[in-house]
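To start, the structure itself, in structure tokens.
The values are calculated or read from the model by the stated rules, or taken from the named source; none is laboratory data. Treat the numbers as computed from the prediction; the structure is a model and nothing was measured. Counting neighbours? That spans all protein chains shown, and the Cβs are built from the backbone with ideal geometry, glycine included.
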């Protein structure tokens, strides 16, 4: 690991410790640098502010994993692994998402949207007429999945990651049945 990565990880660990102890908006750069015994110059060399550090943490702890190698056969497993990573740092993610879920939701929405767009393009949208609905479908499911995951985290992660993923699988299969039921009335 490079010295830059080591330094960034040191700041990340400090922010994680501090965020469990006090509200994110009350944490200062001085708090972070004092906690890890590093200087402010070093912090600002690597990050513009604590929000950029938080973004770096989320990307490296969670989003790197879910974005690499996602395909039809493994996306539920990837998403479950993502939730397990959040669960391992439950207190941190619960508190920072309660304070402000904007960064997290932005990343998650982008990841989910790309994944759903890929799936709808390849599984559903074989003709030009249906391709025009891919964007709407991807938006719809991405917003839904983001909401479910954020609610799960902020609500204390009471269900296991497997239970959350199973509910998402059930939704996909129920959509098929509901769609078939609606066909006769359309």
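Observations
- The stretch 29-54 - residue that is more than 21 Å from the chain's Cα centre (by Cα) and loosely packed, with under 12 Cβ neighbours inside 10 Å and, of those, nearest to residue 95 (Cα to Cα): 30
- Among the residues of the stretch 95-119, not one is within 20 Å of residue 133 (Cβ to Cβ) and touching a residue at least 60 places away in the same chain (Cβ under 8 Å).
Let's see how each residue does on (1) modelled with pLDDT of 90 or more; (2) under 28 Å from residue 52 (Cβ atoms); (3) not in a helix (DSSP H, G or I):
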| site | (1), (2), (3) |
| --- | --- |
| 83 | yes, yes, no |
| 114 | no, yes, no |
| 125 | no, no, yes |
| 150 | yes, yes, no |
| 167 | yes, no, no |
| 170 | no, no, no |
| 181 | no, no, no |
| 186 | no, no, yes |
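- Taking (1) crowded, with 16+ Cβ neighbours inside 10 Å; (2) part of a loop (DSSP other than H, G, I, E, B) in turn, residue 14 satisfies each apart from (2).
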